[in-house]
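Every number here is computed from the coordinates shown, using simple stated rules; none is lab data. Every value quoted in this text rests on a predicted model; they were computed, and no experiment measured them. Positions of Cβ are generated from backbone atoms using ideal geometry, with glycine treated the same way; all protein chains shown enter the neighbour counts.
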Amino acid sequence: MSRLSIIVDQTVDWKAYHPTEDLHSAQAYLDGADLEPQRVINLCRSYKYLSRGYYVSLLAEARGHKVIPSVKALTDLSQPAIYGVFDQSINKMLDKVALDARKLSWRIYFGEAEQEDLAEVSRQLFERFPVPILEVRFQKKTDWQLASVRAVGLTKLIETEESFFADSLERFSKKVWRAPRAKRNYRYDLAILVNKDEALPPSDKAALRKFERAAKRQGMDVEFIQPSDYFRLAEFDALFIRETTNVNHHTYRFSRKAAHEGMVVMDDPDSILRCTNKIYLSDLIHNRRLPAPTSRAITQINNAVIDELEADLGYPLVLKIPDGSFSRGVVKVGDAAALRQTAHDLLAQSAIILAQAYVPTDYDWRIGVLGGRAIYACRYFMAKGHWQIYNHAAKPSQQSGGFETVPTHEAPRAVIKAALDVASAFGDGLYGVDLKQKGDEVYIIEVNDNPSIDGGVEDAWAGDGLYDAIMETFRQRLDRR
């Protein structure tokens with residue numbers, strides 16, 4: 001892990017806090033020739049353009065150090081036009097705190113606020129403006145609007161604020177207070193994003209431990225990070241997302257930020273955009289003339305549309321919302337009445353949905369593809385008494401069917417070819433391509449940017465070699481970078 005440096009204008013500015021060897025004056029940092037990779041926390045009194053604090057951030061970036069605040073963050077503070085809008089739920093949060101007041105202001109320390117009711121809006125503000133200490137002001141018109149946001153220097157804190165600041169800094173970077181660990185010979189730092197609250201994560205604990213060991217064999221140190229660690233992302237060289245992705249979700253924001261920081265990231269934001277939308281996949285398959293069930297995009301439901309679907313697809317047929325995962329938002333209908341009602345319900349969630357011919361099979365193929373080559377092949381069997389792999393309405397022990405993992409060279413050639421053909425249209429990331437096989441016919445069902453890799457399932461044939469292949473790809477891309 002990179003060494004930490006806390007930069008202040010004068011070391012006396014730190015007198016209220018615990019002594020630390022990580023503390024340096026701004027002048028010492030600007031004059032220093034120490035180019036060892038660092039994480040820099042810039043706590044100068046002012047970040048104004050061409051000030052000492054501004055140059056600390058500027059030169060940190062020039063030296064390849066990971067700094068907070070970045071020059072971009074400082075520039076954003078001075079541009080009210082980019083303040084943007086916030087989650088609608090924030091209006092309720094601010095109403096709860098403000099009572100009848102029309103204005104609110106408070107300070108944010110590394111994304112945290114002293115008032116618990118302001119925790120979520122403070123986190124969102126810090127994601128947008130990653131600056132150590134922020135002072136924000138909201139005013140209410142019809143809704144609450146961000147009126148101003150400015151950086152606050154360390155010396156501007158009063159005594160009652162200093163303790164909360166110190167605690168926030170400690171949580172932000174534990175290394176400030178603990179003795180440095182013995183130096184380890186890791187060349188890169190890899191963040192693996194997981195979510196302890198996710199019910200169906202793409203990798204279980206056994207697989208995550210194997211990923212960690214494989215990364216270390218490739219010279220990469222690993223830290224498992226949570227959604228709350230967004231502001232720490234720039235500390236790392238690479239990001240591996242092991243949480244179910246979606247565009248309107250923090251996983252996409254993590255991926256975008258990692259790509260913006262020049263990190264190696266799986267899955268990249270373009271893959272998330274493309275793979276999480278079944279409409280995109282259907283159109284791509286049609287234009288590339290790849291094998292797939294007959295499909296139609298629907299924007300409305302009426303008698304004419306029902307007649308067309310009956311003629312083109314027949315019954316039963318399958319309706320899908322564009323961004324469903326783990327079989328959610330996928331419904332089989334068997335007649336016109338069910339088609340009309342289900343389509344009406346799904347169109348209330350999405351402006352466009354997908355209708356697809358039903359292809360009955362006992363199992364689906366899942367081919368794992370990485371960098372244009374197949375790395376695993378699994379058969380996933382349908383849940384007991386159900387037509388899908390997952391049956392979320394069943395009791396937990398029967399929600400999913402069995403599996404069979406086979407060597408990739410034993411999977412049907414037509415299945416592997418179709419998987420590689422469609423994956424190549426999405427990029428060179430890690431994909432799980434779902435396909436059905438009926439006789440000699442192969443049908444592409446979907447492409448997952450964040451495929452499941454669980455211990456004893458997808459790795460049942462390749463073992464540790466599966467994890468090594470993925471981590472080796474990270475290391476090779478980091479080397480090329």
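Below, the figures for the structure above:
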| quantity | calculated |
| --- | --- |
| In Hz, Karplus ³J(HN,Hα) per residue of the range 198-212 (6.51, -1.76, 1.60; θ = phi - 60°; x = Gly, Pro) | 6, 6, 10, x, x, 9, 7, 4, 4, 5, 4, 5, 5, 4, 4 |
| Two-site FRET efficiency, residue 124 against residue 155, from Cβ-Cβ distance with R₀ of 30 Å, rounded to 0.05 | 0.65 |
| Under-5 Å amide H pairs with residue 429, H placed in peptide plane, nonlocal only | 371 |
| Sequence-separation-based contact order of the chain, relative, with Cα cut under 8 Å and 6+ spacing, percent | 11 |
| Contour minus Cα-Cα distance for residue 481 and residue 50 (0.36 nm per residue) | 152.1 nm |
| Projected label distance in nm at residue 341 and residue 62, using a 7 Å step from Cα toward the beta-carbon | 6.9 |
| Dipole of the chain [Lys/Arg +1, Asp/Glu -1 at C-beta], most positive-end residue of 24, 460, 471 | 24 |
| Inter-probe distance in nm under a simple model that places probes 7 Å from Cα toward Cβ, at residue 406 and residue 187 | 3.7 |
| Efficiency of FRET between residue 352 and residue 216 - r from beta-carbon atoms, R0 41 angstrom, step 0.05 | 0.35 |
| Size of electric dipole in the chain: Cβ of Lys, Arg +1 and of Asp, Glu -1, about Cα centre, debye, nearest 20 | 720 |
| In order through the range 17-28: 3J(HN,Hα) via Karplus (6.51 cos²θ - 1.76 cosθ + 1.60), integer Hz, x for Gly, Pro | 10, 4, x, 8, 6, 7, 7, 9, 6, 4, 5, 4 |
| Positive-pole candidate from 195, 158, 214, dipole of the range 110-231, charges at beta carbon | 214 |
| Beta bridges per DSSP with both ends in the chain, % antiparallel, nearest 5 | 70 |
| For the range 336-352, Karplus couplings with θ = phi - 60° (6.51, -1.76, 1.60), whole Hz, Gly/Pro x | 5, 5, 5, 4, 4, 5, 5, 4, 4, 5, 6, 5, 6, 9, 8, 5, 9 |
| Stretch gain in nm, segment residue 137-residue 248, where the contour uses 0.36 nm per residue and the Cα spacing is subtracted | 37.3 nm |
| Neighbour count of at most 12 Cβ within 10 Å plus DSSP loop: longest GluC sites (Glu not before Pro)-free window in the chain | 199-481 |
| Taking all pairs of distinct alpha-carbon atoms in the chain, Kirkwood radius in angstrom | 25.2 |
| √(5λ) per eigenvalue of the Cα gyration tensor, the range 294-357, largest first, Å | 17, 12, 10 |
